[in-house]
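Asks: Submitted below is the structure of interest, expressed as structure tokens.
A short reminder: the numbers here are calculations on the coordinates, not readings from a lab. Only a predicted model underlies this, so the values are computations on that prediction, with no experimental measurement involved. A quick note on method: Cβ atoms are made from the backbone with ideal geometry, for glycine too, and the neighbour counts reach across all protein chains shown.
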């Protein structure tokens, strides 16, 4: 292709030029003030984005590494209850099963979580609750605050995967009672893939598991981070730290409120387009469960081929996501994470509309106008 | 500082400009031919550097992650024997203890390994042997071939940490009977920190452990890598893959033989300087154990302060390593990994000589001339 593809996926996402350029720096010693200052800057700027004053640790690994670090460090050998209504909740449940006695409370993907069953498990002595806040596989925003309240009521630890909401939607880790909260670098933070940041409450430290994994041991990470300069227990992926620091600086510059409002506006425009098109949203919305504000999913109408639609859009230079696993071929998902703004959203909505038309499918109405109206 | 510090440590190491610049690429979908081709290029170029025709998998994590992936995937629940004569052998032993019943055969750091005790453990049914080939903490090169022979004789799996030798010294994973072999990106490959590549023999796959860790499960990594395009099971650190591909291309361009010869020449020059200075090498060399060819360690003479020497050299713009843990303050180590060549070695040797003089310590002879003579 004569130019780069515009990624409109629920991660990875386009990165600002200054973030990419931060990685070109010559290698530095990671046991140095220079690296420690970088780590400290990341932690300082990310804490308000998490809504936390707890400890924060950055791991050289993907969001999944962050999930396993949380489970392996704090849930090993315990009774765990995992709420599942999509692929990433399922993954958190599968990791939990490796480390403790786990009840997976599975709803249909994109449907409401079973909070009654959760209450039952907590009454029966569950010690840890896991939840994915923003479940991208079904484009649904789960009720973290309510789950946190229940966990706290029964004195269970609450592990909150906010990998794809932090930096793009409201997360109040401390106010919601989240003891361990996770973000991934390549989602709403608009940094390169390869880092996970994890916040940890004192309550969690007081209940540290024994025989934790080695590379993903958060206790070791804390010990190194508590030093001066801040360090990591093993060699960190330095270029990714440098890029994440710059991405965090840009978040601070934009202002968290502005950034979240922008994400809401962009996802709102995509939902407005979908409504005009007459397409069904993937998530089943109710008073507690909302449509995600960082990725929007629609079911394909009967007879519309995923490969045709997404293939034609990709040829135009815009790539968005299909469905994963059981949703493969059945849904498409448009991400608006990170630095995505009006031009990219308008272009994407237009491309979708053009490609449906090209594929011979008549959409109900004019989604492009609806999106433009919404954004005006 | 008005310019970047020259890193003469046993990793991280200076990176070529094209390697650093490879990371500035805009984000791409990692489930794509573009990423798969990058992964395939890395594997194709690294196989001869490992001396292997086995499967090769790249993990988004440090060398330690590679160690834990090897142990967690193939040694979990087994009888393990860990050879230790330095910090990294010890780390491999500590990881082994988390996963299986482990006998750590500890020698003094930098001293010969106890191969008689190894034989005994193998006779007593040890199923896995772990070894660090190039133990940087004591600047010693351990007898991988002999250990491999013993492991094979008793039908044990052989896990070889060649994190700091591959790309800078001869490694023949297949000929030596290494079933799982590990390299780190930020050592002799001169790529950024944050990736580990691991080769795996069919013999190892046939003895896969159960209940492996999630993020570092090599079976999952193989399943994804076997696809077309090649993929990773979870989101990879894409910029680091792009940089590693370029670093591998440069190794191919230089030629592996040339590159190894250069590493031998550079470490030889540092050893020649040390001999002229009258300093003692850290490793106890014998017919099986050699001085490392990628990092050279010397004991400080009585009364010479580590902080003073390394501090003064750092002020001149050159940073090399002190001792770790029990060697702290007692030794210094000059790395020559990756792209280090004559100019950097000469400058470093000169700086050391000047700083000893400045600190008021009279070295026996002229190490600078000895290094120049050696390289002439």
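Asks: Out of the residues in region A:202-226 that are within 26 Å of the chain's Cα centre (by Cα) and within 11 Å of chain B (Cβ to nearest Cβ), state the one that is surrounded by the most Cβ atoms within 10 Å (Cβ to Cβ).
Replies: Out of the qualifying residues, it is A:215.
Asks: On to the next question. Filtering region A:165-176 down to residues that are in contact with a helix residue (DSSP H, G or I) (Cβ under 8 Å, 6 or more places away or on another chain) and assigned to a loop (DSSP other than H, G, I, E, B), which residue is surrounded by the most Cβ atoms within 10 Å (Cβ to Cβ)? So that I can check it myself, show each step before the final result.
Replies: We begin by selecting, within region A:165-176, every residue in contact with a helix residue (DSSP H, G or I) (Cβ under 8 Å, 6 or more places away or on another chain); these are A:166-173, A:175-176.
The next check asks that each one be assigned to a loop (DSSP other than H, G, I, E, B); those that pass are A:167-168, A:170-173, A:175-176.
Values: A:167: 28, A:168: 32, A:170: 17, A:171: 26, A:172: 15, A:173: 29, A:175: 11, A:176: 24.
Only one residue tops the list, namely A:168.
Asks: Considering each residue of region B:259-308, count those that are in contact (Cβ under 8 Å) with a residue 40 or more places away in the chain and within 16 Å of residue B:335 (Cα to Cα), and give that number.
Replies: 25
Asks: A further question on this structure: For residue B:93, which of the numbered conditions (1) out of contact with any helix residue (DSSP H, G or I) (no Cβ under 8 Å at 6 or more places or on another chain); (2) away from chain A (no Cβ under 14 Å); (3) without any contact (Cβ under 8 Å) to a residue 40 or more places away in the chain fails to hold?
Replies: Of the numbered conditions (1) out of contact with any helix residue (DSSP H, G or I) (no Cβ under 8 Å at 6 or more places or on another chain); (2) away from chain A (no Cβ under 14 Å); (3) without any contact (Cβ under 8 Å) to a residue 40 or more places away in the chain, the odd one out for residue B:93 is (2).
Asks: Filter region A:227-249 for residues that are over 25 Å from the mean Cα position of the chain (by Cα) and closer than 30 Å to residue A:259 by Cα; which is farthest from the other protein chains (Cβ to nearest Cβ)?
Replies: The selected residue is A:230.
Asks: The conditions are (1) buried (at least 20 other Cβ atoms within 10 Å of the Cβ); (2) closer than 30 Å to residue A:4 by Cα; (3) within 14 Å of chain A (Cβ to nearest Cβ), and residue B:32 fails exactly one of them. Which is it?
Replies: It is condition (1) that residue B:32 fails.
Asks: Which members of region B:177-199 meet the condition of being in a loop (DSSP other than H, G, I, E, B), surrounded by 24 or more Cβ atoms within 10 Å (Cβ to Cβ) and more than 14 Å from chain A (Cβ to nearest Cβ)? I'd like the intermediate steps shown before the answer.
Replies: So the first thing to find is which residues in region B:177-199 are in a loop (DSSP other than H, G, I, E, B), and the list is B:177-179, B:185-194.
Then keep just the ones that are surrounded by 24 or more Cβ atoms within 10 Å (Cβ to Cβ); that gives B:178-179, B:185-194.
Listed by number, the residues that qualify are B:178, B:179.
Residue-wise test of (1) facing chain A (nearest Cβ under 10 Å); (2) closer than 30 Å to residue B:318 by Cβ; (3) out of contact with any strand residue (DSSP E or B) (no Cβ under 6 Å at 6 or more places or on another chain).
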{"position": "B:18", "(1), (2), (3)": "no, yes, yes"}
{"position": "B:38", "(1), (2), (3)": "no, no, yes"}
{"position": "B:59", "(1), (2), (3)": "yes, no, no"}
{"position": "B:64", "(1), (2), (3)": "yes, yes, yes"}
{"position": "B:76", "(1), (2), (3)": "no, no, yes"}
{"position": "B:79", "(1), (2), (3)": "no, no, no"}
{"position": "B:84", "(1), (2), (3)": "no, no, no"}
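Asks: Scan region A:313-362 residue by residue and report those that are more than 20 Å from residue A:283 (Cα to Cα) and not in a helix (DSSP H, G or I).
Replies: A:316, A:317, A:318, A:319, A:338, A:339, A:340, A:341, A:359, A:360, A:361, A:362
Asks: Another one. Look through B:178, B:193 and report the one residue that is out of contact with any strand residue (DSSP E or B) (no Cβ under 6 Å at 6 or more places or on another chain) and either farther than 28 Å from residue A:217 by Cβ or touching a residue at least 24 places away in the same chain (Cβ under 8 Å) (or both).
Replies: Working: B:178 fails: out of contact with any strand residue (DSSP E or B) (no Cβ under 6 Å at 6 or more places or on another chain).
Result of the check over B:178, B:193: B:193.
Asks: Could you grab me the full set of residues in region B:96-125 that are surrounded by 19 or more Cβ atoms within 10 Å (Cβ to Cβ), out of contact with any helix residue (DSSP H, G or I) (no Cβ under 8 Å at 6 or more places or on another chain) and touching a residue at least 40 places away in the same chain (Cβ under 8 Å)?
Replies: B:121, the sole residue that qualifies.
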